[in-house]
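Peer 1: Quick one: this structure, given as structure tokens, is what I'll be asking you about.
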């Protein structure tokens, strides 16, 4: 359902798209492929939108448009020269084509009714849930955590059931890319639960989190469902069975809430996976959508994908410069130009990443993505105290953020705190059962440090294409240290054929990440033992 907004409602209404949002949307349209080849229609669209926003709708008549937009002489007669009507028809067709494809998920619509030249501005319903335009004009997904239902034989346990819904709501709200409704809004449905589509209309949310609670003397079972309000389908269902003799009830609540929030809202969680599938057809995205695609890029990074994501984020942030999460993501993308070996310009790259990360934290002091970027920058620069402070704040901001925990594990490993590294990556895997392959690099590092080369080799073979260099290099090193030199030689030959001299990569990573001397020595010793490695090490 779209709510058409009369022009006079543009100012002073919480329901209308504000001027900034309309202007940003207009910029996105004229940059799109549908308008790339038509200077005249772009000029036409910009003119009528600007005149309407300036309160000069009365000027949008056939004669004035002919003179002002299409450079007709002063004796122009729109009754005999049909240029304005013809171009208006073409503009309507272009707008319809844009909204059918690239702009299908845009939060605003600009329409030109037939027989008129005054545009109408609409709030559009998004596939991922209605955008909260009054808040910031971005595409954050809206979620309502409904009161959990008590299925225990004892009806007095209803408060414990509700406690799970409160803890899940709190854990979800730490993911700043979601707009999570307050429990004061949803608890009016404790006794009566409308259908999902009715709640979509009533609450303006794209998803519901529903659940049930059942307790016996010795056990607790909690079920959680993520429901799409547009279709009424459960897109995710999970059951948690816990032993009360092994965990306290509070521990169970924390565990279930953290796991549920990560499965739903983490970068590789269900909501963002659905969203990223919807974003792949266009480069003209808002900051939220560009951030979604960044999470997919990290599953299989490449120079081409990196350049595309960086460009989209920079362009989107020009239109929405107050989106903290996107600034934090851009900071990590900038860091990838070093971490992936796309550039050797360490100082300017880190300066640019630091500026973006600091912007994220300045906009939102509890933004875990910005703090994530900050601790990575401080780790690379060897500023241990600043790294520890940013890492502490990042975990406090969102202890259920798997990507941040995986990167934190790698930093702890290089810093020599193996126990903290193992704890962080274990938690990341608990929260993200289907992680990108690069998570296994953290496990590889921990096992390699502790000289468990068989387990390090196992982790290496799970990395796939998720690193900036082929995993064959790490596999060869592990095989060498296990004494399996023939296999190591074959792996290293494959790496050299695909990527060239391994020392070029290793020396770069030694310099960037400051790998401890004992690890550098161990890696070089392993390479020297491999026949094809003796020519490079």
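Peer 1: Using only Cα atoms, tell me the angle between helix 517-528 and the longest principal axis of the chain; keep it within 0 to 90° and round to the nearest 10.
Peer 2: Roughly 80 degrees between the two axes.
Peer 1: Given axes a ≥ b ≥ c from the Cα gyration tensor, I'd like to know whether region 439-537 is rounded (a/c under 1.5), prolate (a/b larger than b/c) or oblate.
Peer 2: On the way: a/c = 1.18, a/b = 1.11, b/c = 1.07.
Rounded, because the longest to shortest axis ratio a/c is under 1.5.
Peer 1: Computed from the coordinates I sent, P(r) over Cα pairs in 20 Å bins from 0, in percent equals one of (i) 21, 53, 25, 1; (ii) 22, 55, 22, 1; (iii) 19, 44, 28, 8, 0. Tell me the label.
Peer 2: Structure-derived value, by its label: (iii).
Peer 1: Would you mind telling me the antiparallel percentage of the DSSP bridges in the chain, rounded to 5?
Peer 2: Numbers: 25 of 33 bridges.
Within the chain, antiparallel bridges account for around 75 percent of the total.
Peer 1: OK, next. Under a plain spin-label model, where a point goes 7 Å from the Cα along Cα-to-Cβ, how far apart in nm are residue 302 and residue 511?
Peer 2: The two pseudo-label positions are separated by 2.7 nm.
Peer 1: Going by how many other beta carbons lie within 10 Å of each one, how would you line up 181, 91, fewest first? Before the final figure, lay out the partial values.
Peer 2: Values: 181 19, 91 22.
Final ranking by Cβ density, sparse to dense: 181, 91.
Peer 1: Continuing with this model, one more query. I need 525, 469, 329 ordered by Cβ neighbour count within 10 Å, fewest first.
Peer 2: Details: 525 13, 469 18, 329 31.
Going from least to most buried by this count: 525, 469, 329.
Peer 1: How many percent of the alpha carbon pairs in region 20-86 exceed a separation of 19 Å? Walk me through the intermediate numbers first.
Peer 2: Working: 871 of 2211 pairs.
Of all Cα-Cα distances in region 20-86, 39 percent exceed 19 Å.
Peer 1: Something else: Relative contact order (percent) for the chain, with alpha-carbon contacts under 8 angstrom and 6 or more residues of separation? Let's see the in-between values first.
Peer 2: Details: 851 pairs, mean separation 45.4, N = 537.
So the answer I get is 8 percent.
Peer 1: If you don't mind, there's one more thing I want to ask. Using Cβ counts within 10 Å as a stand-in for footprinting exposure, how do 412, 378 rank, fewest first? Please list the in-between numbers first.
Peer 2: Details: 412 25, 378 22.
Ranked by crowding around the Cβ, least crowded first: 378, 412.
Peer 1: If you line up the long axis of helix 324-339 against the longest principal axis of the chain, both from Cα atoms, how many degrees apart are they, to the nearest 10?
Peer 2: Computed tilt is about 50 degrees.
Peer 1: Can you give the three extents of the C-alpha atoms in region 388-443 along their principal axes, from longest to shortest, in whole Å?
Peer 2: Principal-axis extents of region 388-443 (Cα, largest first): 29, 24, 15 Å.
Peer 1: At a 10 angstrom cut-off on C-beta neighbours, averaged per residue, how do the peptides 358-370, 76-88 rank from highest to lowest?
Peer 2: Working: 358-370: 21.3, 76-88: 14.5.
Result, highest mean first: 358-370, 76-88.
Peer 1: Taking the 0 to 90 degree range and rounding to the nearest ten, how far is the long axis of helix 368-380 tilted relative to the main principal axis of the chain, both from C-alpha atoms?
Peer 2: Computed tilt is about 50 degrees.
Peer 1: Right, something else. Place a point 7 Å from Cα of residue 81 in the direction of its Cβ. Which residues in region 28-45 have their backbone N less than 17 Å from it?
Peer 2: Correct set: 40-41, 44.
Peer 1: While we're looking at this one, here's another question. Give me the percent of DSSP beta bridges within region 141-267 that run antiparallel, rounded to the nearest 5.
Peer 2: Details: 18 of 26 bridges.
Roughly 70 percent of the beta bridges in region 141-267 run antiparallel, per DSSP.
Peer 1: Taking Cα centroids, how far is region 182-216 from region 473-537 in Å?
Peer 2: For region 182-216 versus region 473-537, the Cα centre distance is 55 Å.
Peer 1: Next question, about the same structure. Quick one: length gained pulling residue 71 to residue 454 fully straight, 0.36 nm per residue minus the C-alpha distance? Please report the intermediate quantities before stating the final value.
Peer 2: On the way: separation 383, 0.36 × 383 = 137.88 nm, distance 7.53 nm.
Going from the current span to full extension adds 130.3 nm.
Where a number appears in this text, it was derived from the coordinates with a stated rule and is not lab data. What you see is a predicted model; the values in this text were computed from it and never measured. Every residue, glycine among them, receives a Cβ derived from its backbone with ideal geometry; neighbour counts consider all protein chains shown.
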